[in-house]
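Novice: Handing you a structure now.
The values are calculated or read from the model by the stated rules, or taken from the named source; none is laboratory data. Small disclaimer: the values here were computed from a predicted structure and weren't measured. Here the Cβ positions follow ideal geometry from the backbone for every residue, glycine too, while neighbour counts run over all protein chains shown. Remember, those area values only see protein heavy atoms, side chains included, never the ligands or the DNA or RNA. Shrake-Rupley method; radii C 1.70, N 1.55, O 1.52, S 1.80 Å.
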Amino acid sequence: MTSTSLPLSPKTLTRAKRAVRCAPFYMKLLATMRSQSVPLRAIMDARGMLSGYTRQPLSEVAADNHLGWLITVGIVRREVDGQGLTDSFRLTPIGRQLVEQWEAAGRPDSTGSPLDYLLNARNRWLRLPTWLS
């Protein structure tokens, strides 16, 4: 399934790509999230590594924090059921677009440069609170 390109600002697209490159996840996780929701418990601890989702074992809190940042930049979303939010995640249309671009380019698991990690940390930790923007 090919998603249509969304009109995104270059700044938004750059920030989203950098966030994914700096996250401790492999493209396999995002590709799986394209077709089905993935529960947090499948991503955390050794299960994430054994499934080919993470670069190292992540605690529940660490996995949730990293996924929370990907939610903030618009790559993933929490799955919703009839009772509200769940502990599962899926790709957003922006996330689908990026995964398709990376698959077409044949670079599914690129990691960030030191500058990417620095800029990602700056964007992640030094952003204005939502009530100020």
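Novice: Each residue of the range 88-104 in order: what ³J(HN,Hα) in whole Hz does its phi give by Karplus 6.51 cos²θ - 1.76 cosθ + 1.60, θ = phi - 60°, with x for Gly and Pro?
Specialist: 10, 10, 9, 7, 8, x, 5, x, 4, 4, 5, 4, 4, 5, 5, 5, 5
Novice: Residue by residue, what Karplus-based ³J(HN,Hα) values in Hz, rounded to whole numbers, does the range 34-48 have, using 6.51, -1.76 and 1.60 with θ = phi - 60° and x for Gly and Pro?
Specialist: Once rounded to whole Hz, the list reads 5, 9, 7, 7, 10, x, 4, 5, 7, 9, 7, 6, 6, 4, x.
Novice: In deg cm²/dmol and to the nearest 500, what is the mean residue ellipticity at 222 nm of the chain if only DSSP H runs of at least 4 residues count, each as -39500 (n - 2.57), divided by the residue total?
Specialist: The per-residue figure over the chain is -15500 deg cm²/dmol.
Novice: A follow-up question, please. Would you mind classifying the range 1-114 by shape? Square roots of the alpha carbon gyration tensor eigenvalues, ordered a ≥ b ≥ c; an a/c under 1.5 is rounded, otherwise it is prolate if a/b is larger than b/c and oblate if not.
Specialist: oblate
Novice: Follow-up question, since we're still on this one. Can you pull the percent of the chain's accessible area that's carbon plus sulfur, 1.4 Å probe, other chains left in place?
Specialist: 58 percent
Novice: Rounded to the nearest whole Å², what accessible area per residue is found for the chain with the 1.4 Å probe?
Specialist: Value for the chain: 58 Å² per residue.
Novice: A follow-up question, please. Taking amide H positions as placed in the peptide plane 1.01 Å from N, state which residues far from T54 in sequence (5 or more) or on other chains have amide H under 5 Å from it.
Specialist: Excluding prolines and chain starts, which carry no amide H, the hits are Y26, M49.
Novice: Shifting gears a bit: List the relative contact order of the chain as a percent without decimals, with contacts defined as Cα pairs under 8 Å and 6+ residues apart.
Specialist: Worked out over the chain, it gives 29 percent.
Novice: May I ask for the net charge around R96, where only other residues with Cβ less than 12 Å from the Cβ of R96 are counted and Lys, Arg are +1 while Asp, Glu are -1?
Specialist: It works out to a net charge of +1.
Novice: Another question, then. Would you look at the GNM of the chain, springs on alpha carbons closer than 10 Å, and say which of L67, L29, L118 moves the most?
Specialist: Answer for the Gaussian network model of the chain: L118.
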